[in-house]
Amino acid sequence: MRVQDGQPSAGPHAAIMQHWRIIITGCGTSHGSPPWGWRHLWSEDPRDHRRRSGAVLLGPAGEVILLDMGPDLMHQLRDPYATWRGYGYPEDCITRCDGVLLTHDHADHSHGINELRHVNRLQDGRPITIYGHRQHLDLITQMFPYCFDAAPDEVYRSYKPALTTCPVTDGTPFTVAGVPVVACALWHGPAGRVNGYRIGSLAYCSDAKSVPEATLPLLEGLDLLVLGMLREQPHETHMHLAAALDLVDRLRPQRTVFVHMGPEMRWAQWQGRLPAGVELAFDGLEMGFTVP
């Protein structure tokens with residue numbers, strides 16, 4: 001069943017604020033959840049069946065911005081609310097993309113890039129720009145040269161996506177689909193640098209082990225924080241529950257939703273144990289936020 005929340009309060013500037021929505025299209029780890037082959041980790045609760053990390057931002061005039069493009073992207077675009085059962089046409093499918101905000105180059109966040117080729121077709125060949133840290137963009141260009149102008153062979157000419165890249169600078173606003181976005185540096189532990197993004201009253205921060213002090217001011221005054229939190233026990237490259245709650249306590253957003261969760265974080269077991277204003281995501285969760 002689709003879940004849509006009411007819009008958060010926009011304060012005294014409501015007349016000039018736009019109301020956007022975010023759909024969490026995937027809140028699982030790089031393996032997806034639950035993993036097959038380990039019966040003890042299986043769950044029959046649909047809220048525990050999590051696609052690889054991703055989200056879609058929907059604007060009031062039909063704008064669509066993707067957060068990442070992982071290997072489940074086709075399923076996320078065809079069935080963003082995770083409600084389609086394979087019978088009949090998927091009425092909620094996403095058929096447009098005005099840009100991609102890439103958090104980093106890891107496979108579970110970038111290896112669905114080829115699915116953008118079909119979106120190009122759906123929008124009459126209009127190119128799609130991928131925004132991100134220069135190092136991450138260089139790496140995906142090297143991994144998928146046929147998707148860009150660096151295609152090694154003319155055989156790809158008729159089949160490759162129409163994609164461009166745009167490096168962004170921490171703390172410097174840039175515009176996607178008419179909306180100001182700010183990139184925020186996060187650290188993935190020994191896995192290196194990750195981009196978080198601030199879009200109006202929303203911040204999306206996946207795959208962070210820690211948040212640099214210089215980034216914290218960019219995350220103040222949030223209505224909605226979407227934050228990666230892997231599990232209860234500490235992990236080398238991801239925030240665990242206690243670290244994530246410490247960050248929430250420091251930033252004090254109105255609402256926090258955890259994503260990028262392992263199979264240990266069963267929705268029914270944990271949802272009632274979290275502090276007020278903090279919750280676990282599930283695939284298809286839709287929430288409102290505002291942008292100037």
Global form of the range 155-207, assessed from the alpha-carbon gyration tensor, a/c cut-off 1.5: oblate
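Can you put THR164, THR256, THR103 in order of Cβ neighbours within 10 angstrom, beginning with the fewest?
Values: THR164 13, THR256 23, THR103 29.
Arranged by neighbour count, lowest to highest, THR164, THR256, THR103 become THR164, THR256, THR103.
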Calculated from backbone phi, Karplus (6.51, -1.76, 1.60) coupling profile of the range 161-176 in Hz, x at Gly/Pro: x, 9, 10, 10, 10, 9, x, 10, 10, 3, x, 9, x, 9, 10, 10
Using θ = phi - 60° and Karplus 6.51 cos²θ - 1.76 cosθ + 1.60, couplings along the range 280-285 (whole Hz; Gly, Pro as x): 8, 6, 8, 4, x, 5
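About the Cα centre of the chain, what is the dipole size in debye to 20, counting +1 per Lys and Arg Cβ and -1 per Asp and Glu Cβ, all else neutral?
Dipole about the Cα centre, nearest 20: 200 debye.
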ARG121-ALA214 pseudo-label distance in nm [points 7 Å out on the Cα-to-Cβ vector]: 4.4 nm
Sum of -39500 (n - 2.57) over DSSP H runs of 4+, divided by residues of the chain (222 nm, nearest 500): -3500 deg cm²/dmol
For the range 74-224, the Rg and Dmax computed from alpha carbons only, in angstrom: 16.7, 50
The range 194-234 versus the range 33-108: alpha-carbon centroid distance in Å: 20 Å
Three-way shape label, the range 29-119, alpha-carbon gyration tensor, a/c 1.5: oblate
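Taking every pair of distinct Cα atoms and averaging 1/r, then inverting, what Kirkwood hydrodynamic radius in Å comes out for the range 218-292? Please list the in-between numbers first.
Values: mean 1/r = 0.0775 Å⁻¹.
Taking every pair of different Cα atoms in the range 218-292, averaging 1/r and inverting gives 12.9 Å.
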Amide H within-cut-off set for PHE148, under 5 Å, with H built and near neighbours excluded: none
Order of MET143, MET17, MET239 - criterion: other Cβ atoms within 10 Å of each residue's Cβ, fewest first: MET143, MET17, MET239
Among beta bridges that DSSP assigns inside the range 113-244, antiparallel share in %, nearest 5: 55 percent
In Å, descending, principal axis extents of the Cα set of the range 147-292: 56, 35, 31
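First check a/c for the chain, with a ≥ b ≥ c the square roots of the eigenvalues of its C-alpha gyration tensor; if it is under 1.5, answer rounded, and if not, answer prolate when a/b is larger than b/c or oblate otherwise.
On the way: a/c = 1.33, a/b = 1.21, b/c = 1.11.
It comes out rounded by the Cα gyration axes.
Distances longer than 20 Å among the Cα atoms of the range 181-245: what percent of all pairs is that?
Roughly 21 percent, once rounded to a whole number.
Only the coordinates and a few stated rules stand behind these numbers; no lab work does. Values in this document were obtained by computation on a predicted structure and should not be read as measured data. Methodologically, a virtual Cβ is constructed for each residue, glycine included, from the backbone with ideal geometry; neighbour enumeration extends over all protein chains shown.
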